[in-house]
Amino acid sequence: MKKLILACIFFLSLSGSVWAETIFLPAPVKEGGMPLMQALNERHVSRQFNPEKKMDYQTLSNLLWAAFGENRPDGRRTAPTARNAQDTMIYVALPEGVYLYNAQKNALEEVSKEDIRAKTGKQSEMLADASVVLIYVSDYDKLDFAKGEKKLFYSALHTGSIYQNVDLFAASEGLNTVMLGMVNYEELPTLLKLPENQKVLIVQPVGYKP
């Protein structure tokens, strides 16, 4: 009996840790928002964020779906990729930790409990103020049809499409965002626990206006 009780306690503690590592987001709202032409007119970049305002999970779900969520039953996404490679991975840096966006499950899978927002780029104070920092990573193994520098070409093309989706979503929702080229390429692969075949491209902070 004692062994059975201990086994149950172990199982429950293990199950609890598994559940704690995944955040299942609310279903994205796919209707409404600003008309496209108006969003294009409102689209702009801003490096100023309200550090006191946290992004709720509904807005985050809508944001990530707009970025690169599934929009068709066959698993295709809101941004195009050559040969449907879907090589771009979105890491989501929040105050409570770092997560990998799982588009199929509409969930965030925990990578680390560390707040790395300020470490994602050279402009640390600005990044720390953002509600969320999106880190775009390309899985080069999924670009096996491309050779050499062509992998960088395709990965950059795909990431740019996703970035623009986020840019337009931000304009529609009255959020601030900017694409950063001054990325912490030295530390991010370690912070994200990336294998050699996965490459960090750019980071995109998103947050509320001051």
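The values are calculated or read from the model by the stated rules, or taken from the named source; none is laboratory data. This one's a predicted model, so the numbers in the text were calculated from it and none came from an experiment. Virtual Cβ from ideal backbone geometry, glycine too; neighbours counted across all protein chains shown. All accessible areas refer to the heavy atoms of the entire protein, side chains included, with ligands and DNA or RNA removed. Shrake-Rupley method; radii C 1.70, N 1.55, O 1.52, S 1.80 Å.
List of remarks:
- Per the conditions (1) touching a strand residue (DSSP E or B) at 6+ places or on another chain (Cβ under 8 Å); (2) open to solvent by less than 60 Å² (accessible area, probe 1.4 Å), the sole criterion not satisfied by R76 is (2).
- E42 among the acidic types (D, E) and surrounded by 13 or more Cβ atoms within 10 Å (Cβ to Cβ): yes
- Leading residue by the ranking (nearest to the chain's Cα centre (by Cα)) among those in the stretch 86-111 that are hydrophobic (A, V, I, L, M, F, W, C) and surrounded by fewer than 19 Cβ atoms within 10 Å (Cβ to Cβ): L100
- L127 being hydrophobic (A, V, I, L, M, F, W, C) and more than 11 Å from the chain's Cα centre (by Cα): yes
- Tallying residues that are within 23 Å of W65 (Cα to Cα), assigned to a loop (DSSP other than H, G, I, E, B) and without any contact (Cβ under 8 Å) to a residue 60 or more places away in the chain within the stretch 153-193 yields 1.
- Taken over the stretch 25-76, the criterion of being among the β-branched types (V, I, T) and not in a loop (DSSP other than H, G, I, E, B) is satisfied by T59 alone.
- Pairs, first on the phi > 0 side of the Ramachandran plot in the stretch 83-101, second of a type in the set (G, A, S), C-beta under 7 Å, six or more apart: G97/S112
- For the stretch 112-145, filtered to residues that are of a type outside the set (S, T, Y) and free of Cβ contacts under 8 Å to residues at least 12 places away in the same chain, the residue that is most open to solvent (accessible area, probe 1.4 Å) is E125.
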